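Undergrad: A single structure is presented below for examination.
The values are calculated or read from the model by the stated rules, or taken from the named source; none is laboratory data. All values reported here derive from a predicted model rather than from experimental measurement. Every residue, glycine among them, receives a Cβ derived from its backbone with ideal geometry; neighbour counts consider all protein chains shown. Ligands, DNA and RNA are excluded from the accessible area calculation, which covers all protein heavy atoms including side chains. Shrake-Rupley method; radii C 1.70, N 1.55, O 1.52, S 1.80 Å.
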Amino acid sequence: IYADPAKRLELYFRPKDPYCHPVCANRFPTSTMLLRVRRRSKKKQQLEAEEQRESEVQFEMEILGIVTTVYKFQGMSDFQYLAMHSGPDGKQTSMYDKVLMLKPEKEEFFNKDLPLYIPPPIFSRLDTPVDYFYRPDIQHREGYNNPQVSGENLIGLSRARRPHNAIFVNFDDEEIPTKPLDAAVQNWKKVCTNPVDKKVEEELRKLFEERPVWSRNAVKANISVHPDKLKVLLPYLAYYMLTGPWRSLWVRFGYDPRKHPEAKIYQVLDFRIRCGMKYGYAATDMPVKAKRSTYNYSLPITVKKQGSHTVSVHDLKQGLGSAGTSGAKKPPSSRYKLKESIYIFREGALPPYRQMFYQLCDLNVESLQKIIHRNDGTESECTERDGWCLAKTSDDLRDSMSLMIKQIIRSTRPALFSNTTSSEDGKEQLAYESAEDEDDEEEEEEEFKPSDGSENEMETEILDYV
């Protein structure tokens, strides 16, 4: 616990009881001294024999060291739930010998008839009293009407829908939109208030002229635009595909990829890095970080404190800016840009995340492009699962990409495949190769993440626009 400043010290009143709920102490810095105090007093017989002196007790003090950290128990004790059973006469009977397996038991132990014992799934989330601030009445925009309450939907919306006015299209829809909604035009005109916004609009228009289908991450990697403004700009220039081989992508108004066989290179591939013992490495050995993980879940008793912002040796090696601060701020032209690796797959490089959404044209590997173009000139039908490609093309691409990634991990961390302990240096080196410069990646994505809230890009974008 002491090694991790974010953890609280737990005190169990009954350490041998697995049902004991602890009380927690918070960690505090301090500047105090640890003293050893000896109290010496003469025995009563000696005092009677000798003359009475003024000081019968003597104290000796010695400084043993300096204390820099203390733990203080400031919270309240939680409820303690015992493994007990109440009989008909109200007598409590212990069930510890019946529910705890302390040694290997025979089959009879598991077939015993026992009273129903269900411990609570969770205890109090807080151990200090807090003020509960009730949510005030929601102030909606002018013209908003509460939804009709029906038997199917008893809970109304807590806020008005975001007026981004994106047009969603399913693969089965016969017609595709040729122009944006009037509200989308008005929203962008309202937001486009300076020359920089106008320049971004022209840049995005050029992107859609060069390529009619784009993912949001690919757009972010090619132009520098504030994410909030991009949410308003995209519905102004393109519509969003919900289903089919171009799902979760933005398509230029008037362009129907279902009618153009050459649009197969813009199809989406949902690729997830495979991990497991049959692949030679477990999830915990993965050099690619997950967007979120249950392994990193912090319990309510964990204290989340901001780390100190002191200059480290690494900062000094990188060099200080002219103003004496660590590094220099990114220029406005690339402030919001993401790295190429967020949408392009290259041979010899690991994806930045375990789940990626690639367009087929962004798989920059010759062997993968051969799989994609196997049926060039003979495309006959566009299907919802495979689009203009041959059946199971996505499966073949995933198998090839997984083999490439396995080879990268094998070459960089051979210890994983030889059952020997890998060095920390190898782990750090691979982490940098997987996401290019990780320090820059973290700094860049601290506020503007490639996926703002969901592992599924499609789900994320729908939440942004609905």
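Undergrad: Anything in region 203-243 that is among the polar types (S, T, N, Q) and over 17 Å from VAL191 (Cα atoms)? List them, or say none. Don't jump to the end; show me each part of the working.
TA: Taking region 203-243 as the starting set, the residues that turn out to be among the polar types (S, T, N, Q) are 215, 217, 222, 224, 243.
SER215, ASN217, ASN222, THR243 - these are the residues of region 203-243 that are among the polar types (S, T, N, Q) and over 17 Å from VAL191 (Cα atoms).
Undergrad: So is ASP113 modelled with pLDDT of 85 or more and either within 38 Å of the chain's Cα centre (by Cα) or not in a helix (DSSP H, G or I) (or both) or not? So that I can check it myself, show each step before the final result.
TA: Working: modelled with pLDDT of 85 or more: yes; either within 38 Å of the chain's Cα centre (by Cα) or not in a helix (DSSP H, G or I) (or both): yes.
Yes: the conditions hold for ASP113.
Undergrad: Here's another thing I want to ask about it. Select from region 380-420 the residues that are at pLDDT 90 or above and part of a loop (DSSP other than H, G, I, E, B) and list them in ascending order. Break it down stepwise before answering.
TA: Our first condition is that a residue be at pLDDT 90 or above; within region 380-420, this holds for 381-404.
Answer for region 380-420, where residues must be at pLDDT 90 or above and part of a loop (DSSP other than H, G, I, E, B): GLU381, CYS382, GLU384, ARG385, ASP386, TRP388, CYS389, LEU390, ALA391, LYS392.
Undergrad: Residue check, TRP250 against (1) under 30 Å from ALA391 (Cβ atoms); (2) open to solvent by 60 Å² or more (accessible area, probe 1.4 Å); (3) free of Cβ contacts under 8 Å to residues at least 60 places away in the same chain, all met but one. Which one?
TA: Failing condition for TRP250: (2).
Undergrad: While we're looking at this one, here's another question. Mind checking whether some residue in region 152-161 is surrounded by 10 or more Cβ atoms within 10 Å (Cβ to Cβ) and either within 21 Å of CYS20 (Cβ to Cβ) or modelled with pLDDT of 75 or more (or both)?
TA: no
Undergrad: Out of everything in region 93-110 that is open to solvent by less than 100 Å² (accessible area, probe 1.4 Å) and not acidic (Asp, Glu), what residue ends up being farthest from the chain's Cα centre (by Cα)? Before the answer, list the steps.
TA: As a first pass, look at region 93-110 and keep what is open to solvent by less than 100 Å² (accessible area, probe 1.4 Å): 93-96, 98-100, 105, 109.
Imposing the further condition that a residue be not acidic (Asp, Glu) reduces the set to 93-96, 98-100, 109.
Working: THR93: 45, SER94: 43, MET95: 41, TYR96: 39, LYS98: 41, VAL99: 37, LEU100: 36, PHE109: 43 Å.
Only one residue tops the list, namely THR93.
Undergrad: Moving to a separate point now. Name the single residue that is farthest from VAL268 (Cα to Cα) among those in region 194-221 being polar (S, T, N, Q) and in contact (Cβ under 8 Å) with a residue 40 or more places away in the chain.
TA: Step one: of region 194-221, the residues polar (S, T, N, Q) are 194, 215, 217.
From what is left, the residues that are in contact (Cβ under 8 Å) with a residue 40 or more places away in the chain are 215, 217.
Details: SER215: 9, ASN217: 13 Å.
The residue in question is ASN217.
Table: residues versus (1) modelled with pLDDT of 95 or more; (2) farther than 25 Å from ALA183 by Cα; (3) buried (at least 23 other Cβ atoms within 10 Å of the Cβ).
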residue: PHE208; (1), (2), (3): yes, no, no
residue: VAL213; (1), (2), (3): yes, no, no
residue: LYS229; (1), (2), (3): no, no, no
residue: GLU262; (1), (2), (3): no, yes, no
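Undergrad: Filter region 335-361 for residues that are outside any loop (DSSP other than H, G, I, E, B) and surrounded by 21 or more Cβ atoms within 10 Å (Cβ to Cβ) and give the result.
TA: ILE342, PHE345, MET356, PHE357, TYR358, GLN359, LEU360
Undergrad: Looking for something surrounded by fewer than 21 Cβ atoms within 10 Å (Cβ to Cβ), assigned to a helix (DSSP H, G or I) and at pLDDT 90 or above - is there at least one such residue anywhere in region 234-244?
TA: Within region 234-244, the first condition is being surrounded by fewer than 21 Cβ atoms within 10 Å (Cβ to Cβ), and the residues that meet it are 237, 242-243.
Add one more test, that the residue is assigned to a helix (DSSP H, G or I), and what stays is 237.
Among the residues that remain, those that are also at pLDDT 90 or above are: 237.
Yes; the residues of region 234-244 include at least one that is surrounded by fewer than 21 Cβ atoms within 10 Å (Cβ to Cβ), assigned to a helix (DSSP H, G or I) and at pLDDT 90 or above.
Undergrad: Residues that are open to solvent by 90 Å² or more (accessible area, probe 1.4 Å) and modelled with pLDDT of 90 or more, at least 3 per element: which strands (runs of 3 or more DSSP E) completely within region 2-74 meet that? Write out each step before concluding.
TA: Working: elements: 9-11, 23-41, 57-72.
The strands (runs of 3 or more DSSP E) meeting that bar are 23-41, 57-72.
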